[in-house]
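This report concerns only the one structure given below.
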Amino acid sequence: MTKNAESFFDFTQLPVVDMKALVEGQCKTVEAFGAANWAAFEGAQKIFRRQAEMVQESLSGMVPGFGELATAATPGDAAATQARLCKGAYEKAAADGRELVDLVTKSSRAVTAPIQKRIVESLDEIKFQADKLDA
């Protein structure tokens, strides 16, 4: 065998990997993803719950509006009432949309926070292990 082939198969030159640290790091990564999944689940629940409340509020607000339209004395009164009701519905929908955007943003931050934290920790762990190999 040539010297290059011998050195290729010489496993005594491989750096020693701290398996305990490696396993602990992977456990922390799994925990971070578990926390992120739980945050995603909770965030989705809050968003869906609030959407259902918004639909209920919208539906309950429609009944009085229909009553006002039905009792309008003239077509002009009906048109004015309809414009006012449409404006109110639009403003409510816009406010609800902004609220949902805020909920989604908060949920997204809660989901990404544990993963981002774990990435930084993982990079620190890799650097620590690399520094040990150089020593």
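Tabulated results
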quantity: Residues (over 18 Å from residue 118 (Cβ atoms) and surrounded by 13 or more Cβ atoms within 10 Å (Cβ to Cβ)) located in the stretch 22-64; calculated: 42, 43, 44, 46, 47, 50, 51, 54, 58, 61
quantity: Residue satisfying all of: in the stretch 31-63; free of Cβ contacts under 8 Å to residues at least 12 places away in the same chain and among the small types (Gly, Ala, Ser); farthest from residue 82 (Cα to Cα) among these; calculated: 34
quantity: Every residue from the stretch 81-113 that is closer than 13 Å to residue 65 by Cβ and either in contact with a strand residue (DSSP E or B) (Cβ under 9 Å, 6 or more places away or on another chain) or aliphatic (A, V, I, L, M) (or both); calculated: 83, 85, 89
quantity: Selected residue [part of a helix (DSSP H, G or I), surrounded by 14 or more Cβ atoms within 10 Å (Cβ to Cβ) and within 25 Å of the chain's Cα centre (by Cα)] from 102, 96; calculated: 96
quantity: Test: residue in the stretch 70-90 that is in a helix (DSSP H, G or I), surrounded by 14 or more Cβ atoms within 10 Å (Cβ to Cβ), on the phi < 0 side of the Ramachandran plot and under 21 Å from the mean Cα position of the chain (by Cα); calculated: no
quantity: Lone qualifier among 74, 12 - being closer than 30 Å to residue 133 by Cα and at pLDDT below 95; calculated: 12
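The values are calculated or read from the model by the stated rules, or taken from the named source; none is laboratory data. Here the structure is a predicted model, which means the values were calculated and not measured. Neighbour counts run over all protein chains shown; Cβ positions are idealised from the backbone, glycine included.
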